[in-house]
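Chemist: This structure is in structure tokens; I'll ask about it shortly.
Readers should treat all values here as calculations from the given coordinates under stated rules, not as data from a laboratory. If you're wondering where the values come from, they're calculated on a predicted model, not measured in any experiment. Here the Cβ positions follow ideal geometry from the backbone for every residue, glycine too, while neighbour counts run over all protein chains shown.
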Amino acid sequence: MSVNEAEVAAVVEEMKADETFDLVEALNEVTYPTGEVKVYLDAAGAEELNEVLAEIAELGREALKYSAEAQGSMTDSPEKEAIDAQIEELQEREKELIERVSGSALTFHMRGVAPELWRILVKEVRRKNKAASKASADEKEEANEVMLEKLDNELVSKAIIRVTNAKGATDERAFKVETVEKLRGKLLQSEWERVLDKANTLTFANAVFHNVKAADADFLSQS
């Protein structure tokens, strides 16, 4: 038997073995990381809550000055009792605001975008928003900013699986990029960045297998 015949025979035997598999079929089993991020719509309530907390902290420091220990007496000064009453009133407002802000929460359940879809999105956004060849430097920079913004919106729209509100009601529609653009325009910048960061983290999770590699000696020996 020639070398080539021997190689062919070996390949045939390997194909018959139980250990063989179809790579194309196996790729259908690829999954992508999922996660969630919670954002809040009631920015006014959150700002008031921060102010209330700051005022409580300030009053607390003021009250210490009139405590029995600070005064070197057996009882607190009347001024402390008045301040403590103010603190209790503010703490009630604090509870109300926490409940109010919590009720404005939206939880975005997201999944990383497949690389092939990501490449399509990049190509399509570039095609639609490319600066003219004779454009000035400022015009090209502006076009690039527009492209990046639109690409972010496309990524988030494809990453969202569903959105749940504070009452547990769920929106599971396919989120169009126009909806995400509206979302971006309404959310505070900090809240939008939390959504975008989660989409980016799940899509470009290069370290996702780190713990598996660290725990699996066979995995490491093959690297």
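Chemist: Considering the options Leu59, Met74, Ala44, tell which one lies farthest towards the positive end of the dipole of the range 44-102, charges being +1 on Lys and Arg and -1 on Asp and Glu at the Cβ, about the Cα centre.
Modeler: Of the candidates, Met74 comes out farthest on the positive side.
Chemist: Taking a point 7 angstrom from the Cα of Leu59 along the C-beta vector, which residues in the range 84-105 have backbone N less than 12 Å away?
Modeler: 84-95
Chemist: Hey, if you drop one equal point scatterer on each alpha-carbon of the range 44-102 and run the Debye formula without solvent, what base-10 log of I(q)/I(0) do you get at q = 0.13, 0.23, 0.25 Å⁻¹?
Modeler: For the range 44-102 at q = 0.13, 0.23, 0.25 Å⁻¹, log10 I(q)/I(0) is -0.39, -0.82, -0.90.
Chemist: Shifting gears a bit: Go ahead and run the numbers for FRET between Thr34 and Lys130, Cβ-Cβ distance against an R0 of 30 Å, rounding to 0.05.
Modeler: FRET efficiency, Thr34 to Lys130: 0.35.
Chemist: Still on this structure: First select every other residue whose beta carbon is under 13 angstrom from the beta carbon of Ala44; then total the charges, Lys and Arg +1, Asp and Glu -1. Let's see the in-between values first.
Modeler: Numbers: positive: Arg100; negative: Asp42, Glu47, Glu48, Glu51.
Counting the neighbours of Ala44, the net charge comes to -3.
Chemist: Around Thr34, with a cut-off of 13 angstrom between Cβ atoms, what is the net charge of the other residues, counting Lys and Arg +1 and Asp and Glu -1? Display every interim value, and only then the final one.
Modeler: Working: positive: Arg111, Arg162, Lys198; negative: Glu36.
Its environment carries a net charge of +2.
Chemist: Testing the spin-label approximation: label points 7 Å from Cα along Cα→Cβ at Phe204 and Glu51. State their distance in nm.
Modeler: Simple spin-label model gives 3.9 nm for this pair.
Chemist: Could you tell me the relative contact order of the range 44-102? Use alpha-carbon pairs under 8 Å, at least six residues apart, and round to a whole percent. It would help to have the intermediate numbers written out before the result.
Modeler: Details: 45 pairs, mean separation 25.9, N = 59.
Relative contact order of the range 44-102: 44 percent.
Chemist: Quick one: dipole size for the range 44-102, taken about the Cα centre, charges +1 on Lys/Arg Cβ and -1 on Asp/Glu Cβ, in debye to the nearest 20.
Modeler: The calculation lands at about 160 debye.
Chemist: If the limit is 20 Å between Cα atoms, which of Lys38/Lys167; Lys95/Lys198; Lys128/Lys176; Lys150/Lys176; Lys130/Lys186; Lys38/Lys198 go over it?
Modeler: Lys95/Lys198; Lys130/Lys186, as the Cα separations exceed 20 Å there.
Chemist: Run through the range 127-156 and list the trypsin sites (Lys or Arg not before Pro) located in a DSSP loop whose Cβ has at most 14 other Cβ atoms within 10 Å.
Modeler: Those satisfying the criteria are Lys130, Lys134.
Chemist: What would the Debye equation give as log₁₀ I(q)/I(0) for the range 69-187 at q = 0.14, 0.16, 0.20 Å⁻¹, counting only Cα atoms as equal point scatterers?
Modeler: Each listed q corresponds, in turn, to -0.77, -0.90, -1.11.
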